[in-house]
Amino acid sequence: MRGTSAFALLIALATTACSEETTTDEPLTPPMPPTLALVSPTSGSCVAIGTDVTARVPLELDVTGVVLRPPGACGVASPCGYLRVRADGRDNNVGAQTTVDVLLGKLSNPYHDGATHAGTGNPDVLDIDVTLVDATETTMLDADGKDLTISLGLAVKPTCD
């Protein structure tokens, strides 16, 4: 008899949960605008990788105002997105946590000595862009309507002296 009572209670709760009430996916309070900031490493830093050309360089970020989820996993969460990493102008990695790696093994040349080229005057650095994108892969905007993208350059060498 006790099992029958528990079953009847579950049916009553399920029936109540499926009432005529309507809900929306809209937040009850306006969401705060998303922000994206680089914590480490700082632009211009040197990263020592020894002889491991498949090393990973972790980027630590501060992300607010958005739920981070892997691509395709946002569902009804809003605002929701992920981090897209480009290195030397090419797609490199995506991440749904505040630390995302630059995958050096995906680069034709992971080494960048940081020295200034006489011909161009530009330093030889690994150019990295980290962009906060939404579920539709559109770049998210900050409160001022600017793209949430961080750009940095790193010297990547066997050793940093």
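The lone criterion from (1) surrounded by 15 or more Cβ atoms within 10 Å (Cβ to Cβ); (2) within 15 Å of residue 59 (Cα to Cα); (3) free of Cβ contacts under 8 Å to residues at least 60 places away in the same chain left unmet by residue 99 is number (1).
Of the set (1) free of Cβ contacts under 8 Å to residues at least 24 places away in the same chain; (2) touching a Leu at 6+ places or on another chain (Cβ under 6 Å), all apply to residue 55 but (1). Among the residues of the range 126-158, the ones that are in a loop (DSSP other than H, G, I, E, B), at pLDDT 95 or above and among the hydrophobic types (A, V, I, L, M, F, W, C) come to 2 in all.
Okay, residues lined up against (1) β-branched (Val, Ile, Thr); (2) at positive phi; (3) part of a strand (DSSP E or B):
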| residue | (1), (2), (3) |
| --- | --- |
| 62 | no, no, yes |
| 70 | no, no, no |
| 74 | no, no, no |
| 78 | no, no, no |
| 84 | no, no, yes |
| 102 | yes, no, yes |
| 110 | no, no, no |
| 121 | no, yes, no |
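In the range 9-31, is there at least one residue being modelled with pLDDT of 85 or more and among the β-branched types (Val, Ile, Thr)? Talk me through it step by step, then tell me what you get.
Restricting attention to the range 9-31, the residues satisfying the condition of being modelled with pLDDT of 85 or more are none.
No; the residues of the range 9-31 include none that is modelled with pLDDT of 85 or more and among the β-branched types (Val, Ile, Thr).
Taken over the range 102-121, the residue count meeting the criterion of being more than 16 Å from residue 57 (Cα to Cα) and either within 14 Å of the chain's Cα centre (by Cα) or hydroxyl-bearing (Ser, Thr, Tyr) (or both) is 2. Of the residues making up the range 47-91, those that are within 21 Å of residue 110 (Cα to Cα), of a type in the set (A, V, I, L, M, F, W, C) and either surrounded by fewer than 17 Cβ atoms within 10 Å (Cβ to Cβ) or touching a Cys at 6+ places or on another chain (Cβ under 9 Å) (or both) number 3.
Between 113, 161, 144, the distinction of being under 18 Å from residue 51 (Cα atoms) and free of Cβ contacts under 8 Å to residues at least 12 places away in the same chain belongs to 161 only. Residues in the range 122-161 that are within 18 Å of the chain's Cα centre (by Cα) and among the hydrophobic types (A, V, I, L, M, F, W, C): 10 in all.
Would you call residue 135 out of contact with any helix residue (DSSP H, G or I) (no Cβ under 8 Å at 6 or more places or on another chain), buried (at least 17 other Cβ atoms within 10 Å of the Cβ) and not basic (Lys, Arg)? Give the derivation first.
Working: out of contact with any helix residue (DSSP H, G or I) (no Cβ under 8 Å at 6 or more places or on another chain): yes; buried (at least 17 other Cβ atoms within 10 Å of the Cβ): yes; not basic (Lys, Arg): yes.
Considered against the rule, which asks whether it is out of contact with any helix residue (DSSP H, G or I) (no Cβ under 8 Å at 6 or more places or on another chain), buried (at least 17 other Cβ atoms within 10 Å of the Cβ) and not basic (Lys, Arg), residue 135 comes out as yes.
The values are calculated or read from the model by the stated rules, or taken from the named source; none is laboratory data. It should be emphasised that the depicted structure is a prediction, and the values quoted were computed from it without experimental measurement. Positions of Cβ are generated from backbone atoms using ideal geometry, with glycine treated the same way; all protein chains shown enter the neighbour counts.
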